[in-house]
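Working notes, beginning with the structure itself.
The values are calculated or read from the model by the stated rules, or taken from the named source; none is laboratory data. Nothing here was measured: the structure is a model prediction, and the numbers come from that model. So basically every Cβ, Gly included, is an ideal-geometry build from the backbone, and we count neighbours across all protein chains shown. Note: accessible area is taken over every heavy atom of the protein model, side chains too, but ligands, DNA and RNA are not part of it. Shrake-Rupley method; radii C 1.70, N 1.55, O 1.52, S 1.80 Å.
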Amino acid sequence: GSGPHLTGPAINPNIGYDPMRDFTHIAMIAGDTYALAANPAIGARTLDQLIRLAREKPLASASPGPGSLGHLLLLQLNRLAKIDIAHIPTPGGTVTDVLGNHVPLALTTVLTVGQHLRSGALIGIALTSTERNPVFKNIPTFTELGYPGMRGSTWFWLTAPKGLPPAIVEKLNAAVRKLVHAPRVEQYFTQQALMTMDLDVAGVNTFLSEELAYWAPLAKESGLRVQ
């Protein structure tokens, strides 16, 4: 599972399942922060500059598609900064389109865009993590720039069909938490700029419930519908 899927029922009323009631959520694995990345040709290197630019001329930002977390984050940024950056869905081609300057901006995961931020091919305007990422120390967070509502990550976690016996859930939770802290796994996650959360079963369910409560109203309010 991952963060954006939590908004499913809000976006698609016919999805046919409840993300909390119809699954047994077991353990968190890793989280991937989102980055607002810009083609250098845009001429904005900071969030303030970008917001000023967006008030002067039409801008567009790419995401993997309608209802993706990248799309919801863009809607949130537009609302909080009182701007109107257009959304361009680019399934499978988000980074390519920004590298080619077909679309000047993208709100997408660090896994997707990280190598281009490292090389300088794209500029990292801000990250959606609440604290700076150790791999990208020079990129500020939206939170520190005064936009705490711009937080969100894609989370990967272990889940199973509902009704899995609690003893098995506890055993699997302990095993995953141990695995995530294994030196080689930690090293890989750090290299990829992925985050981890060490949560027990109750903590996992609390976190997922809070994420659903946070994103569902925004998805509903935006009138998003996916087929």
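Observations
- Output for segment 149-168, where each listed residue is part of a loop (DSSP other than H, G, I, E, B) and surrounded by 13 or more Cβ atoms within 10 Å (Cβ to Cβ): Gly149, Met150, Arg151, Gly152, Lys162, Leu164
- Considering segment 30-143, the qualifying strands (runs of 3 or more DSSP E), each wholly inside and each with 1 or more residues that are closer than 30 Å to Ala182 by Cβ, run over 105-109, 123-127.
- Within segment 76-121, if we keep just the residues that are over 23 Å from Ala193 (Cα atoms) and of a type in the set (S, T, N, Q), the residue that is most open to solvent (accessible area, probe 1.4 Å) turns out to be Asn101.
- Residue within segment 40-57 that is β-branched (Val, Ile, Thr) and within 19 Å of the chain's Cα centre (by Cα) present: no
- Residues in segment 20-59 that are among the small types (Gly, Ala, Ser), at pLDDT below 95 and open to solvent by 20 Å² or more (accessible area, probe 1.4 Å): Gly43 only.
- Where Gly146 falls short, out of the listed (1) in contact with a strand residue (DSSP E or B) (Cβ under 6 Å, 6 or more places away or on another chain); (2) outside any helix (DSSP H, G or I): (1)
- Between Leu194, Leu208, the distinction of being touching a His at 6+ places or on another chain (Cβ under 9 Å), within 30 Å of Ala126 (Cα to Cα) and in contact (Cβ under 8 Å) with a residue 60 or more places away in the chain belongs to Leu208 only.
- In segment 10-19 there is at least one residue that is assigned to a helix (DSSP H, G or I), modelled with pLDDT under 90 and open to solvent by less than 10 Å² (accessible area, probe 1.4 Å).
- Complete set of residues in segment 72-104 that are farther than 24 Å from Gly149 by Cβ and either in contact with a Leu (Cβ under 9 Å, 6 or more places away or on another chain) or at pLDDT below 90 (or both): Thr90, Pro91, Gly92, Gly93, Val95, Leu99
- Qualifying residues in segment 193-206 (those that are in a loop (DSSP other than H, G, I, E, B) and open to solvent by less than 60 Å² (accessible area, probe 1.4 Å)) - the one modelled with the highest pLDDT: Leu199
- Gln187 open to solvent by 60 Å² or more (accessible area, probe 1.4 Å) and at pLDDT below 85: no
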